[in-house]
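All remarks here apply to the structure that follows.
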Amino acid sequence: EIGAPRPFCIRCAQEAVEAVAKAKQEAKPRQQQIRQEGPPPKGVSIERCNRAELTRLQNLWSERESQQLPGGHRCGGAEVLEAWKVDNPFLACQFKSRRQKLKDDLNRAADRLEGFHGTAPDNVIPICSSGFDSGRRCGQVYGAGEYFAKNPHVSVGYCRGGEYMLVCQLTLGKSSSSPENRDGDHIWVPEHGYYVIKQPDQVLVQYIIKYASSNRGGGGQFSASLERSLATAYSTKPPPQVKQPPRPRECVMTRPSTKGLWMGLVSPHIPEEELKNAVRAFMKNQAAAYPICKLQVLCTHYSKAHIFLEEEMPLSVVKQLNRVPLRVGGASTSVCFDDFYGSPFQKCPKTIAGFCRGQNLRFTQPCWCKHEPRKTEHAKYSLKPLPLDGAKGDEIVSKFMASAHLFYTGLPRVTAIRAIQNHVLQQCHNDYREYLRNKHGEEPVCQELYHGTNNNILDVLYTHGLQPPSDMEPSDACPVSGRKGLCTSLCTNSCKHCTRKHEWNRCHMYGLGIYLADMAAKSNRYVSQPNDGKLRMVVCSVLGKSYQVEGYLKGGSCMHDVVDVRAVTDEDMDEMIETCQPCRAPRASLGAMIVGSDGEKWGRVVSDEDSCWRLSSGRVAKKCNEGMRWFWSAESEISAEAIETAPEKSDLLFIKGLGDRCRPGSSVINSECIAFHPHQCLPMYEIEYTLD
């Protein structure tokens with residue numbers, strides 16, 4: 001266990017203050033080096049989605065296709081087979097600028113939603129590369145702009161018989177009153193489910209999806225160039241510049257010993273395994289008495305390592321490590337070794353968007369640094385009604401009601417939607433977005449999820465944001481957290497009263513995080529304390545890459561102490577989760593691999609064309625030659641590992657619901673997401689509803 005930091009002498013305190021000041025001075029040129037001036041260069045990258053992203057897009061499709069089509073029709077029997085994430089920093093910058101302008105005009109954050117766009121296969125890559133071109137518009141029956149559909153089956157008709165479609169993020173400002181689209185920036189056509197967006201910079205392509213639908217028909221267009229682009233990683237971005245790490249910062253450790261080390265910074269171009277091997281060799285040579293029990297390498301602008309030890313390492317040994325260069329990449333480089341858990345008087349280097357996850361942890365991964373007051377200390381919020389029949393209001397209501405039949409306490413009816421406005425909290429959310437953009441080198445994924453809670457504390461959530469729980473029990477003697485019936489303390493690790501570890505009690509199944517859901521019925525179970533029979537649920541904007549967990553807990557409490565998805569490795573997941581239904585390649589038909597009689601891989605099946613299979617390589621396999629010239633392969637062209645993001649490189653946990661395969665206490669029926677940073681989740685809308 002890690003307790004409170006021990007006291008130290010005045011001389012040590014003065015040395016720590018001077019070291020922090022020096023490190024702060026040296027950080028300035030480092031920050032200036034990182035900061036980029038002007039818009040990013042043009043270029044786009046397209047890469048296959050991981051399992052969590054694919055699952056989300058499949059859910060979006062199935063949720064939207066069940067809604068009414070034009071003319072009162074309904075459609076189903078289609079599915080998303082594959083998906084690719086599109087990242088275009090130049091267009092994302094224009095999109096961000098447009099959103100900022102709309103925010104200034106509206107005095108609140110502009111609404112955003114997702115829309116489907118069908119186009120000919122040959123147009124997919126050009127649109128991803130250059131965006132939408134207002135000069136190529138045609139038709140324009142319902143107004144001037146780019147057309148997107150709420151229901152994917154509407155867009156199927158515009159794919160020219162192809163099997164690829166775009167999923168785009170749309171920004172909504174003021175709704176226009178006429179088809180000319182002059183007094184606003186978008187038109188909502190509810191009878192046909194069309195979103196008409198006035199300016200191309202209000203649209204950002206997020207994904208390319210491949211779908212199978214009975215409505216697609218035969219004789220569709222085929223694009224060999226699109227197939228080649230999607231078969232491998234596609235990028236027209238300029239090659240990254242080789243970055244030389246800055247001069248190492250000073251070690252400011254003051255605690256007598258530590259069981260965790262921070263090491264940095266190293267060039268980001270050194271492969272992860274090579275850096276891990278170099279760190280292990282270094283520690284074996286320089287500190288063999290302190291074996292490594294866990295080693296993580298993280299990379300943003302530069303690479304760094306988190307080294308967790310089996311034994312406490314004295315301060316003197318840590319200081320000695322700083323005098324020896326690290327041999328990596330064929331050269332010797334100077335690095336800094338410091339206390340992973342921080343030191344008093346040290347300005348916290350792990351603060352992100354004004355918050356350090358370790359400041360309310362005492363036993364798992366605490367941080368003993370000096371932390372600034374939270375930015376939302378004097379923040380204020382307001383609520384603005386949102387029309388239920390507008391584009392955004394309609395999307396919120398229809399998604400909310402999609403799971404109405406699963407509300408166990410009655411049939412819900414939405415009575416009001418209010419946009420939550422908190423400029424300080426919005427800026428913290430933007431700061432976290434910028435952090436993720438720098439960390440991953442691409443525009444962060446953004447999704448809207450539900451959060452249900454005690455309605456009496458909503459004003460706290462709207463002021464300060466959603467907070468991840470601490471790892472401490474509330475003490476009855478604590479004036480902040482005591483005698484309130486809380487499960488975990490509201491205090492930071494500086495509290496003198498809340499000093500006992502919070503133990504598992506059939507709570508926090510998947511870690512000490514913020515629990516969110518993609519289904520309103522699930523979050524409704526956690527809504528309590530209604531006012532005059534009216535309940536309120538929060539819709540949050542949630543940022544980050546998701547790591548999908550699909551399986552059963554090997555023990556009820558095994559994930560309880562997870563405080564950050566980035567603190568978990570693949571090895572940790574193997575110890576905690578019994579995987580169910582691993583990602584397997586199809587044995588036949590769409591998505592399966594075909595090999596020639598000589599063992600040569602011909603390619604993956606991308607379409608069924610009656611007498612033959614068309615492959616991702618551009619060739620065809622005649623069905624009559626099966627078993628003679630070619631065979632189905634049990635191997636996938638893309639391995640399960642290749643399409644999964646490692647947990648330590650992710651930002652969210654996505655716990656996939658197992659439905660009727662659920663085992664009570666070790667899995668969940670319906671999916672949920674878990675975030676670990678308050679500004680990763682921004683309360684955007686309040687849904688007021690009743691249960692009949």
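Worth pointing out:
- Residue in the stretch 560-581 that is under 33 Å from the mean Cα position of the chain (by Cα) and modelled with pLDDT under 75 present: yes
- Which listed residue is open to solvent by 20 Å² or more (accessible area, probe 1.4 Å), farther than 30 Å from M573 by Cβ and not small (G, A, S), from N505, N438, N454: N454
- Residue that is surrounded by the fewest Cβ atoms within 10 Å (Cβ to Cβ), among those in the stretch 289-328 that are in contact (Cβ under 8 Å) with a residue 12 or more places away in the chain and hydroxyl-bearing (S, T, Y): T300
- Residue satisfying all of: in the stretch 220-245; polar (S, T, N, Q) and free of Cβ contacts under 8 Å to residues at least 60 places away in the same chain; surrounded by the most Cβ atoms within 10 Å (Cβ to Cβ) among these: T232
- Test: S178 is open to solvent by 10 Å² or more (accessible area, probe 1.4 Å), among the polar types (S, T, N, Q), more than 25 Å from the chain's Cα centre (by Cα) and over 24 Å from V539 (Cβ atoms): yes
- The stretch 221-237, subset in a loop (DSSP other than H, G, I, E, B) and touching a helix residue (DSSP H, G or I) at 6+ places or on another chain (Cβ under 8 Å), residue modelled with the lowest pLDDT: Q221
- Inside the stretch 304-329, residues that are within 35 Å of the chain's Cα centre (by Cα) and of a type in the set (G, A, S) make up a count of 2.
- Those residues of the stretch 292-334 which are at pLDDT 95 or above, among the β-branched types (V, I, T) and within 15 Å of P248 (Cβ to Cβ), in sequence order: V318, V324
- Candidates A92, A109 - the one that is assigned to a helix (DSSP H, G or I) and of a type in the set (A, V, I, L, M): A92
- Positions within the stretch 518-538 being open to solvent by less than 10 Å² (accessible area, probe 1.4 Å) and among the β-branched types (V, I, T), in sequence order: V538
- Flag if T463 is touching a residue at least 60 places away in the same chain (Cβ under 8 Å) and either surrounded by fewer than 16 Cβ atoms within 10 Å (Cβ to Cβ) or not in a helix (DSSP H, G or I) (or both): no
- In the set (1) open to solvent by 10 Å² or more (accessible area, probe 1.4 Å); (2) among the β-branched types (V, I, T); (3) part of a helix (DSSP H, G or I), V141 fails one condition alone, (3).
- Remark: pairs (first residue in the stretch 425-438, within 12 Å of L543 (Cα to Cα); second residue buried (at least 21 other Cβ atoms within 10 Å of the Cβ) and polar (S, T, N, Q); Cβ separation under 6 Å; 6+ apart in sequence or on different chains) = Y432/Q680.
- Among residues of the stretch 336-388, those that are open to solvent by 20 Å² or more (accessible area, probe 1.4 Å), in a loop (DSSP other than H, G, I, E, B) and of a type in the set (G, A, S), counted: 1
- Flag if A419 is open to solvent by less than 20 Å² (accessible area, probe 1.4 Å) and of a type in the set (A, V, I, L, M, F, W, C): yes
Table: residues versus (1) open to solvent by less than 30 Å² (accessible area, probe 1.4 Å); (2) modelled with pLDDT of 95 or more; (3) of a type in the set (G, A, S); (4) touching a Gly at 6+ places or on another chain (Cβ under 6 Å).
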residue: E63; (1), (2), (3), (4): no, no, no, no
residue: Q68; (1), (2), (3), (4): no, no, no, no
residue: G72; (1), (2), (3), (4): no, no, yes, no
residue: V80; (1), (2), (3), (4): yes, no, no, no
residue: W84; (1), (2), (3), (4): yes, yes, no, no
residue: N88; (1), (2), (3), (4): yes, yes, no, no
residue: Q100; (1), (2), (3), (4): no, no, no, no
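Each row is one residue, and each column tells you yes or no for (1) part of a strand (DSSP E or B); (2) charged (D, E, K, R); (3) modelled with pLDDT of 90 or more.
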{"residue": "E191", "(1), (2), (3)": "no, yes, no"}
{"residue": "V196", "(1), (2), (3)": "yes, no, yes"}
{"residue": "Y211", "(1), (2), (3)": "yes, no, yes"}
{"residue": "G218", "(1), (2), (3)": "no, no, no"}
{"residue": "P245", "(1), (2), (3)": "no, no, no"}
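- Subset tally (residues that are among the acidic types (D, E) and either over 18 Å from Y194 (Cα atoms) or free of Cβ contacts under 8 Å to residues at least 24 places away in the same chain (or both)) for the stretch 95-147: 4
- Filter result (open to solvent by less than 30 Å² (accessible area, probe 1.4 Å) and in contact (Cβ under 8 Å) with a residue 40 or more places away in the chain) within the stretch 273-288: L275, A278, V279, F282
- Residue tally, condition out of contact with any helix residue (DSSP H, G or I) (no Cβ under 7 Å at 6 or more places or on another chain) and within 20 Å of I352 (Cβ to Cβ), over the stretch 479-500: 1
- All conditions but one from (1) under 28 Å from the mean Cα position of the chain (by Cα); (2) more than 30 Å from E273 (Cβ to Cβ) apply to T409; the one that does not is (1).
- Condition check for Y515: at pLDDT 95 or above, open to solvent by 20 Å² or more (accessible area, probe 1.4 Å) and either of a type outside the set (D, E, K, R) or out of contact with any strand residue (DSSP E or B) (no Cβ under 8 Å at 6 or more places or on another chain) (or both): yes
Here's the yes/no breakdown for (1) within 15 Å of I655 (Cα to Cα); (2) assigned to a loop (DSSP other than H, G, I, E, B):
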position	(1), (2)
N505	no, yes
G511	yes, yes
Y552	yes, no
G555	no, yes
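- Scanning the stretch 148-176 for residues that are within 20 Å of K85 (Cβ to Cβ), touching a residue at least 40 places away in the same chain (Cβ under 8 Å) and of a type outside the set (A, V, I, L, M) turns up F148, P152, C159, G162, E163, Y164, C168, Q169, T171.
- Test: residue in the stretch 471-478 that is in contact with a helix residue (DSSP H, G or I) (Cβ under 9 Å, 6 or more places away or on another chain) and open to solvent by less than 90 Å² (accessible area, probe 1.4 Å): yes
- Among the candidates G591, G596, G603, the residue that is open to solvent by less than 30 Å² (accessible area, probe 1.4 Å) and at pLDDT 80 or above is uniquely G596.
The values are calculated or read from the model by the stated rules, or taken from the named source; none is laboratory data. Treat the numbers as computed from the prediction; the structure is a model and nothing was measured. Glycine gets a Cβ as well: all are built from the backbone with ideal geometry, and neighbour counts include every protein chain shown. All accessible areas refer to the heavy atoms of the entire protein, side chains included, with ligands and DNA or RNA removed. Shrake-Rupley method; radii C 1.70, N 1.55, O 1.52, S 1.80 Å.
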